[in-house]
Amino acid sequence: MGEAVIVVALLLVAVSATAAVAVRDPVRQSLVLAVLGVVLAVLFTVLQAPDVALSQLAVGSALTPLLLLLTVRKVKRRGRRRRENEP
Amino acid sequence: MNRRRTLLAVVEVAAWWAALGALWLVFVTVVDPLELAVGAGVAGVAALAARGARRAVAGW
Amino acid sequence: MNGWILAATAVLGAGVGATVWGVATGPLRRRVVAQNLSTALACPALLLLAQGYDRPAYVDLALVLALLGPVGTLVFARLLAGELAGDPPRARALTRSAAGLGAGVVLALCVAVGPSRALLKLLVVGVLLVGGNLLASRALSGGMAGARRG
Amino acid sequence: MNPRTRLWLVATGGAGLAALLVAACLRLPRFGGDRHPYGDRAVHASLERHTANTVASVNFDQRAFDTLGEMTILFAAVLGCVVLLRQTRDEHRAHPEPADVARPVRRYALLVLPVALLTGLYVVAHGQLSPGGGFQGGVVAATALHVLYLGADYRALERVRPVGAYEVGDALATSAYLVTGVAGLIGGTAFLANTLLPYGTFNTLSSGGTVPLLNAAVGMEVACAVVVLLAGFLDQAVEIVDEGEDDDRAGDGHHHEERGK
């Protein structure tokens, strides 16, 4: 029964990774990346690599989305100024 | 007045320390003296952080 | 045929699979709820795998996910407060059912593990998981109204 | 070199790479086979030195020099971010406004902060026993601190997190790792060799010789590095405002400090 869970985990990673590439908007992409991180952690656990899974969980669940969204906020504010200066 | 405030502070940190120490014991599988010592230290650090956070949010 | 791993496969395939579809399509408010549900369902799956593989060390993974999952959703609630203010996400039934599933899995594992420190650890993970996810969905649906620019 | 020829170059290069990859994969041992020459040696060396978690033994004992490289890579990356994200002359700091967050969310943040900090340090301390270690625990501990920004506002976080102290902590932890390594050299064996301390009894906190020390050093280094990194990002996103930038906060009479970083 061990193989079934590996297959499901691999499928989940494949689908969410493709979705992460297909989504173009950074905000929506950071959401998909967060879910991809969780699914990757599950795949590593299923393949008996708990240390790697813990690294993925620690970094991917809160740190990466925070960095991404802070950057989006800074870039969006800078964009707003440029639009005003050259109508 | 100041004495009362430090007493309150000590009680708060001690409460956090006891709770977090118990949590450490729950996390740990094998319990030996070194484990208890490290747990006490870590619970102390976390208790001080908890108090600092509460005061930072409450605005001194 | 290990029942625990089978249950984990079911939770992963159906639950987490649905959240992956939910986060990849649809309006922003549904994607944010799907992200919250993905951690709310992956954590019980990790607990089931820890029991299925008979490795109590894997419970640490579920513990970290139960702690940081809701924090990740808080990040989205906080930094997307502006976009979400228009149509706040309403997913009370879904979040409740995910929390119920999480609680059920934790209780089943507690019965299987039997009275010991490991049982306490499972309870701690369960409380963090259910409390965290219910609160994160509350933050999503309007808890962050005043935090638009801060 | 018009796009067409560039496309052809990519196609031929890619095809060659694909062919080599397939050839290599065909000669790999079968998935799930039981012949693991490196694995057996690593597990043997790990058990010989009473380190329960073989990954930690590989990370901090057999290949400690590579971990030194990884740690300095993180140190250099955060250094680069601090330099790039600094406040330039034409920018000024607008004080972050207080954000009123729902009461249960704030209480949850104040509860999760110590618990996540305790969990992070637990993962670091038990690096050589159970899954985890310096890197993972350090990130969890650093993220725990930033729950304050999520649960309250950036002012609250700034009160709790003096960035200077964390920059010093980052440097101290990196040098602690190096000093432990040099101690091996002075001890007469080799740089970062695990021959200094007794290996202790198996599966206890003091087992593994210098592995726990290196684990703790990396844990502190990663925690401080992530705090400094996030400080740079948060400053840019929340506080630092360009001269002409349309900033609705700048208008409502906030006291701006004209000081360079």
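Laboratory data are not the source of any read-out in this text; all were calculated from the coordinates shown. Please read all numbers here as calculations on a predicted model, not as lab measurements. Positions of Cβ are backbone-derived with ideal geometry, glycine not excepted, and every protein chain shown enters the neighbour counts.
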Rounded, prolate or oblate: which fits the range B:2-58 when a ≥ b ≥ c are the square roots of the eigenvalues of the alpha-carbon gyration tensor, with rounded for a/c under 1.5 and prolate only if a/b beats b/c?
-> prolate
Between C:ASP54 and D:ASP66, take the C-beta separation as r, use R0 = 41 Å, and let me know the FRET efficiency to the nearest 0.05.
-> 0.80
Answer in debye to the nearest 20: the dipole magnitude of the range C:3-147 about its Cα centre, from +1 Lys/Arg and -1 Asp/Glu charges placed on Cβ, is 260
As a check on your grasp of the helix formula, calculate [θ] at 222 nm for chain D: sum -39500 (n - 2.57) over DSSP H runs of n ≥ 4, divide by the residue count, round to the nearest 500.
-> -20000 deg cm²/dmol
Looking only at the range C:1-35, which residues have a backbone nitrogen under 17 Å from a spot 7 Å from the Cα of C:SER97 in the C-beta direction?
-> C:10-23, C:30-31, C:33-35
May I ask you to derive the FRET efficiency for A:ALA49 and B:THR6 from their Cβ-Cβ distance with R0 = 30 Å, giving the value to the nearest 0.05?
-> 0.05
Computed over chain A: relative contact order in percent, which uses C-alpha pairs under 8 Å that are six or more apart | 27
Could I have the simple spin-label model distance between A:LEU10 and D:ALA19, label points 7 Å from Cα toward Cβ, reported in nm to one decimal?
-> 2.6
Charge tally for neighbours of D:ALA42 with beta carbon under 15 Å away, counting Lys, Arg as +1 and Asp, Glu as -1, is -1
Net charge dipole size for chain D [Lys, Arg +1 and Asp, Glu -1 on Cβ; Debye, nearest 20] | 1260
With springs only between Cα atoms under 10 Å, which of D:LEU17, D:LEU214, D:LEU47 fluctuates most in a Gaussian network model of chain D?
-> D:LEU17
For chain B, modelled as a Gaussian network with Cα springs under 10 Å, which listed residue fluctuates most, B:VAL26, B:VAL38, B:VAL13?
-> B:VAL26
Computed FRET value (nearest 0.05) for D:ARG30 with C:ALA85, which takes r as the C-beta separation and R₀ as 45 Å = 0.25
Only Lys, Arg (+1) and Asp, Glu (-1) charged, at Cβ; the protein assembly as shown dipole about Cα centre in debye | 1240
Report, as an integer, the average count of C-beta atoms from other chains found within 10 Å of each Cβ along D:230-239.
-> 4
Selection from D:ALA24, D:PRO98, D:VAL238 lying farthest towards where the dipole of chain D points positive, charges on Cβ = D:ALA24
Once every Cα of the range C:3-147 carries one equal point scatterer and solvent is ignored, give the base-10 log of I(q)/I(0) from the Debye formula at q = 0.12, 0.17, 0.18, 0.20 Å⁻¹, two decimals.
-> -0.47, -0.86, -0.94, -1.11
Placing +1 on each Lys and Arg Cβ and -1 on each Asp and Glu Cβ in chain A, then taking the dipole about the Cα centre, the residue among A:VAL46, A:LEU10, A:LEU31 whose Cα reaches farthest towards the positive end is A:LEU31
Would you list the membrane-span-like helices of chain D, meaning whole DSSP H runs whose alpha-carbon atoms span at least 27 Å along their axis and whose mean Kyte-Doolittle value is at least 1.0?
-> D:3-26, D:64-84, D:103-125, D:163-186, D:211-234
With each label point set 7 Å from Cα along the Cα-Cβ vector, what nm distance links C:ASN2 and D:LEU9?
-> 5.1
For D:ALA216, what is the net charge nearby, where nearby means another residue's Cβ is under 15 Å from its Cβ and Lys, Arg count +1, Asp, Glu -1?
-> -4
Considering chain D as a Gaussian network with a 10 Å cut-off on Cα pairs, which listed residue, D:HIS92, D:HIS36, D:HIS44, attains the greatest mean-square fluctuation?
-> D:HIS36
Percent of Cα-Cα pairs per 10 Å bin, from 0 to the last occupied bin, for chain A, please list those.
-> 17, 36, 26, 12, 6, 2, 0
Only Cα pairs under 8 Å and at least 6 apart count here; give the relative contact order of the range B:2-58 as a rounded whole percent.
-> 45
Quickly rank D:186-196, D:95-105, B:41-51 as a protection proxy: mean count of other C-beta atoms within 10 Å, highest first.
-> B:41-51, D:95-105, D:186-196
Length gained if A:THR18 through A:ARG80 is fully extended, taking 0.36 nm per residue and subtracting the Cα-Cα distance, is 19.2 nm
Peptide D:156-163, shielding by other chains (average Cβ, 10 Å cutoff) = 3
When you count, for each residue, the other Cβ atoms within 10 Å and take the mean per peptide, how do C:71-79, A:51-59 rank with the highest first?
-> C:71-79, A:51-59
Here, the protein assembly as shown modelled as identical Cα point scatterers in vacuum has Debye log10 I(q)/I(0) at q = 0.13 Å⁻¹ of -1.45
